[in-house]
1. Going residue by residue through segment 75-94, is there one that turns out to be exposed (fewer than 13 other Cβ atoms within 10 Å of the Cβ) and under 16 Å from the mean Cα position of the chain (by Cα)?
2. Which residues, taken from segment 99-136, are of a type in the set (A, V, I, L, M, F, W, C), more than 11 Å from the chain's Cα centre (by Cα) and under 18 Å from Gln43 (Cα atoms)?
3. Pull out all pairs, ordered by first then second residue, where Cβ-Cβ is under 6 Å, the residues are six or more apart or on different chains, the first lies in segment 7-21 and is assigned to a helix (DSSP H, G or I) and of a type in the set (Lys, Arg), and the second is surrounded by 11 or more Cβ atoms within 10 Å (Cβ to Cβ) and at pLDDT 80 or above.
4. Which ones in segment 24-55 are under 18 Å from the mean Cα position of the chain (by Cα) and either polar (S, T, N, Q) or exposed (fewer than 11 other Cβ atoms within 10 Å of the Cβ) (or both)?
5. Go through segment 102-123 and give me each residue that's assigned to a helix (DSSP H, G or I) and either surrounded by 18 or more Cβ atoms within 10 Å (Cβ to Cβ) or β-branched (Val, Ile, Thr) (or both).
6. Mind checking whether some residue in segment 46-58 is among the aromatic types (Phe, Trp, Tyr), in contact (Cβ under 8 Å) with a residue 60 or more places away in the chain and either closer than 19 Å to Thr136 by Cβ or in a helix (DSSP H, G or I) (or both)?
7. Among the residues of segment 22-45, which ones are in contact with an Asp or Glu (Cβ under 8 Å, 6 or more places away or on another chain) and outside any loop (DSSP other than H, G, I, E, B)?
8. Read through the list (1) closer than 20 Å to Lys133 by Cβ; (2) within 16 Å of the chain's Cα centre (by Cα); (3) modelled with pLDDT under 95, then give the number of the only condition that Glu58 fails.
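The values are calculated or read from the model by the stated rules, or taken from the named source; none is laboratory data. Note that this is a predicted model, so its numbers are computed, not measured. Every residue, glycine as well, gets a Cβ built from its backbone with ideal geometry; the counts of neighbours run over all protein chains shown.
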Amino acid sequence: MSEEMNDQMQVRRQKLQELIDLGIDPFGHRFDRSSTSSELKEQWDQFSKEELHEKEDESHVSIAGRLMTKRGKGKAGFAHIQDLKGQIQIYVRKDQVGDDQFNIWKMADLGDIIGVEGVMFKTNTGEISVKAKSFT
């Protein structure tokens with residue numbers, strides 16, 4: 001068990017150093033959010049996928065929370081973040097956030113606190129989500 005923990009700590013310390021080498025403060029800074037996860041769901045869940053697409057210019061949001069799940073490979077991924085009011089799904093695409101921010105996304109671990117700015121949309125399964133335009 002201690003050997004496994006040592007391996008995990010080594011990986012985390014390596015990622016910490018990579019962030020520092022990129023000039024990023026790994027312990028973050030203040031992130032101003034516009035809403036909580038429950039407020040976003042309450043405000044935007046009433047709209048269909050098509051209506052949300054039409055309202056994209058009106059649906060700019062910023063949210064922060066702890067990374068609870070993360071999935072996807074290649075140039076895109078989904079995750080759930082949790083704040084004090086609940087969880088919401090985020091969607092991160094390399095062509096939307098850029099190479100630098102996408103590399104940070106790839107390094108993010110479960111439990112990390114992240115901030116996302118983006119627009120609201122619904123997935124094909126109908127889950128209300130934030131499509132990231134920037135990721136910290």
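1. Filtering segment 75-94 down to residues exposed (fewer than 13 other Cβ atoms within 10 Å of the Cβ) leaves 75, 84.
From what is left, the residues that are under 16 Å from the mean Cα position of the chain (by Cα) are 75, 84.
Checking segment 75-94: at least one residue is exposed (fewer than 13 other Cβ atoms within 10 Å of the Cβ) and under 16 Å from the mean Cα position of the chain (by Cα).
2. Listed by number, the residues that qualify are Val119, Met120, Phe121, Ile128.
3. Within 6 Å, the pairs are Lys15/Met107.
4. Asp25, Phe27, His29, Arg30, Asp32, Ser34, Ser35, Thr36, Ser37, Ser38
5. Initially, segment 102-123 is screened for residues assigned to a helix (DSSP H, G or I), giving 102-107.
Passing the criteria: Phe102, Ile104, Trp105.
6. The first filter runs over segment 46-58 and keeps only residues among the aromatic types (Phe, Trp, Tyr), leaving 47.
If we keep only those that are in contact (Cβ under 8 Å) with a residue 60 or more places away in the chain too, we end up with 47.
Narrowing the set further to residues that are either closer than 19 Å to Thr136 by Cβ or in a helix (DSSP H, G or I) (or both) leaves none.
No - not one qualifying residue is present in segment 46-58.
7. Ser37, the sole residue that qualifies.
8. Of (1) closer than 20 Å to Lys133 by Cβ; (2) within 16 Å of the chain's Cα centre (by Cα); (3) modelled with pLDDT under 95, only one is false for Glu58: (2).
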